[in-house]
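First up is the structure itself, then whatever we jot down about it.
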Ligand code: FAD
C-alpha cells in the first residue's frame, strides 16, 4: 500500500473542520485540524492529532491547554488561513476560560492537556474539556480533500 492510496482511503471519511488555538508568551497560534474526535464522557475527553513538525506542538507542550473551534459553513476562509493556504490575515480571537477562541465558531471547547502520545509522525493530544460554548449554525465539512456543506 502506498502513501497516496492511504490518503485517498482516509479522504473518503467525511469530517468537520476545526481550528485548534493556544496561547503562549502572549502569542496566539492557530492550526486547522480535522483529526478530532470525542473520546470519553466521564471525564469529558477529546482527542486531536498534530503532525510532529507542526509549530502547534511547541505551543501545546508549553501552554498545556488549547481550544478546539468547530467551524461553520461560513468559515472556510478561517480554515484556509490556519492551514497556511491564505497568508498574512489578521484574525481576532475572543477569550474563553483564559484561552483564545474564534468568534462565531459552531462549538468552542476549552481544554487542558490530559495526556499526549507520540504515534508515528503525529502527536496525539487528549484534552479534558473544562468548558464549552455552542452556537446555532451548520458545520463546514471536508471530504476527498474538498470543503463541503451539510445539505438537508
Ligand atoms: P503554521 O503553518 O506556522 O501556521 C498555520 C497558519 O496559520 C500560518 O499561515 C499562520 O500564519 C497562521 N496563523 C497562526 N496563528 C495565527 C494568528 N494568531 N493569526 C493569524 N494567522 C495565524 N494538520 C495536522 O497536524 N492535523 C490535522 O488534523 C490536520 N487537519 C487538516 C485539515 C484540513 C482541512 C486542512 C486544510 C489541513 C489540515 N492539517 C492538519 C494541516 C495543518 O493545518 C497545516 O499543516 C498547518 O500549517 C500546520 O500549522 P503549524 O502549527 O505548523 O503552524
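Each value in this text was obtained by applying a stated rule to the coordinates, not by laboratory testing. Owing to the predicted nature of the structure, the values given are computational and were not obtained by experimental measurement. Note that each Cβ is placed from the backbone with ideal geometry, even for glycine, and that neighbours are counted across all protein chains shown.
If you take the beta carbon distance between residue 144 and residue 61 as r and set R0 to 41 Å, what does 1/(1 + (r/R0)^6) give as a FRET efficiency, to the nearest 0.05? Efficiency at R0 = 41 Å is approximately 0.80.
By per-residue mean of other Cβ atoms within 10 Å, what is the highest-first order of 98-106, 83-91?
On the way: 98-106: 19.4, 83-91: 9.9.
Peptide ranking by packing, descending: 98-106, 83-91.
Subtract the Cα-Cα distance of residue 2 and residue 41 from 0.36 nm times their separation in residues, and report this length gain in nm to one decimal.
Values: separation 39, 0.36 × 39 = 14.04 nm, distance 3.63 nm.
So the extension gain works out to 10.4 nm.
Size of region 15-88 from its Cα atoms: along the principal axes, largest to smallest, the extents are 40, 31, 21 Å.
Before anything else, pin down the relative contact order of the chain: Cα pairs under 8 Å, at least 6 apart, normalised by residue count, whole percent.
Values: 312 pairs, mean separation 42.6, N = 152.
Over the chain, the number comes to 28 percent.
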